[in-house]
Amino acid sequence: MIPRLRRWYCETLSPVFGYSIAVLLAAAPQVARIPLHPATLMPFIAYVPFVVVSAALGGLGPGMLTTGICLLESLYFATEPLGSFKMGDPRLWGGLGALAGTGLVASTLFESLKRAWRSNAAAAAVEARLARELETRQRMLESIVQNSPAAIAVLRGPEFTFVMANPAHEALVPGEPLVGRTVASAWKTGAPRVIPILTAVRDAQTAYHATGVALPVDRGQTLPVEERYFDLSCVPLAGPGGEAGAEVLVVASDTTEHKRADAVLRAAYSQLTAIHANVPVALLVIDEQLQVQEANGLATQFARRESCAMSGLPAGGALGCLDALADPRGCGHQPSCDRCELRLAIFDTLTSGTRREGIEAWLPMWARGQRQRRCLLVSTIAMKFDGATKVLVCAQDITERKQAEGELARQRDELQRQAELIYFSRDAIITADANRVIRGWNRGAEEMYGWTEAETVGNVMHLFLRTSSVVSPAQIDECLAREERWEGELEHSRRDGQRILVDSRQVLLRDAAGTDVRIMEIDRDITQRRRAEDALKRSVRQLESALAEKTVLLKEIHHRVKNNLAVTASLLSMTADGSGPETRLALEESQQRVHSIALVHEYLYDNDRLDHINFGEYARDLVQGVYSAFGGEHKRIGLDLELDPIELGIERAVPC
């Protein structure tokens, strides 16, 4: 009851409540004095209980407030003259002082009591809090020990009896619980190695710490003893009675897996070292000054330097850049260095940490005994070592690959161009496998036959096109197998059923092993050409027949004209024989003209061509005829003829 009252008194009552009670208690005495008669009866003693109660409830402040108010009330309401703060009887000042002293003493005493109670309550609260923290820490420690992956145990006595062992330690020695058992009885396989250590710790009162201690662990009756490794700590403890060295704390952390992982890591490191030394890629570690810190074997071959001489080289010089090696100041001082992709990639990775891959850097290098521009495929990766940024540079010489890629691109472009020519060719170009199953069908074939490539692929070519020819597909295949090509005319069917005649050329394609892999057939539609040729032949035959008829007719005409002209010449000769000299001369001249015309028709009649004559031969015969016509005159006239074989048309050869 009292502690509860104390807690209420010290914690519940607030200052506002105390001062409010003080004011009320100061007003209560005056109310209580109203029935007194006279009003001056007991001017001071009536205020004392209320002052004491106010001091008890509020302490020093509220008690003194009530005391002050009561002093004023007694001076104003309980002493003569009433209604005035003047003191009529000086003897009453003693009572007024006694009231003030009572209020001061009571307020001081109750304030001290209140503070004492508060101090005790605070101390009790701190003690309770510390007790709770101690209990929490104890439970935490117990939880840590029980759930710790490390084996923890406390051993006591000369035979090292287990007084505490956590589950991790229990797991090391399967079977019965360890508490109450000795090390020798509980861990027979490990006792010979552990007991000497425990004895030395107990006797020397010195802690023992060791890493990688090999201890045998029994995993059960059916399983063999396993050698495992522990980080072992043994610490001497005081016993329950305070005797030194009575107990030993044992903490063992199983590091077997860590040791095995460390062995695997060492093996992996050895492999990585071997890979680093023999990888076909130049590896460099570049620091913030763009200088080499580490380099692998291939990088030393690039720079043509020993491995020990690589450290401190600029990046370009470490990869064999002739510009960097030629300049005493190193890499970055040649005009071309500002555009060097290698240098720019390293600088970008150093400043921004950006990983760069697939950078192609062309550097002047010494290769095959001469200066060459070589292409390096470069990758840069930022790394952090001890707070410093470094760059791992991977470089591989891909000059031959770039050259091969260029040649391959050229060949690919050429093949693409040829493929486009084939595809857009007006001829039908069809590819088939060795069994004549269609595998390719160009646009020319689509236009010629009417089927798309998707509709034809997978069909047997000669069956799909209903091929007919004087030779069978088997005979064509025999010719292809023997000569690798065949040419001839085939008849195919279009999609609309129309039969067309094609000029076909077929080629057999073989692979490097000589196996038949493809048949390429190139077809050209010659249907219209064949029809034109047939029409032309018919026209030629008709023209030849008509020409023959006209030739016979013309020859007959020329023969009859020549005969008529001969009759005309004979008549003129007969007329001239009976005429005078002038008439005779005119008639002979006309006779010669008729004879020349007749000679032309004779040449046309005897010649294979009816529209031209050889004027040289015609002139010779004509002159010979005129010369003979003059009889004896030829003795005084000689002939010297130089005639060219000039061809004259009939319209010019016949005299007008």
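The values are calculated or read from the model by the stated rules, or taken from the named source; none is laboratory data. Here the structure is a predicted model, which means the values were calculated and not measured. Because the Cβ atoms are built from the backbone with ideal geometry, glycine has one as well, and the counts that use them run over all protein chains shown. Just so you know, the surface numbers come from the protein's heavy atoms only, side chains and all, with ligands and any DNA or RNA stripped out. Shrake-Rupley method; radii C 1.70, N 1.55, O 1.52, S 1.80 Å.
Accessible area per residue for the range 109-166, computed on protein heavy atoms with a 1.4 Å probe, is 69 Å². Using 1/(1 + (r/R0)^6) with R0 = 60 angstrom and r between the beta carbons of residue 138 and residue 89, what's the FRET efficiency to the nearest 0.05? Here the calculated transfer efficiency is 0.25.
For the range 28-108, which trypsin sites (Lys or Arg not before Pro) pass both filters: DSSP loop (anything but H, G, I, E, B) and at most 13 other C-beta atoms within 10 Å? Filter output for the range 28-108: 86, 91. If R0 is 60 Å, the Cβ-Cβ spacing of residue 454 and residue 643 corresponds to a FRET efficiency of close to 0.20.
Within the accessible surface of the range 141-253, defined with a 1.4 Å probe on protein heavy atoms only, the carbon and sulfur portion equals 60 percent.
Packing, taken as the mean count of other beta carbons within 10 Å per residue, orders the peptides 310-320, 288-298 from highest to lowest as 310-320, 288-298. Per residue, the solvent-accessible area of the range 204-293 (1.4 Å probe, heavy atoms of protein chains only, all protein chains present) comes to 60 Å². With the simple spin-label model, which puts each label point 7 Å out from Cα in the Cβ direction, the residue 355 to residue 176 separation comes to 6.0 nm. Put simply, when 273-281, 446-454, 57-65 are sorted by average Cβ atoms within 10 angstrom per residue, most first, you get 57-65, 446-454, 273-281.
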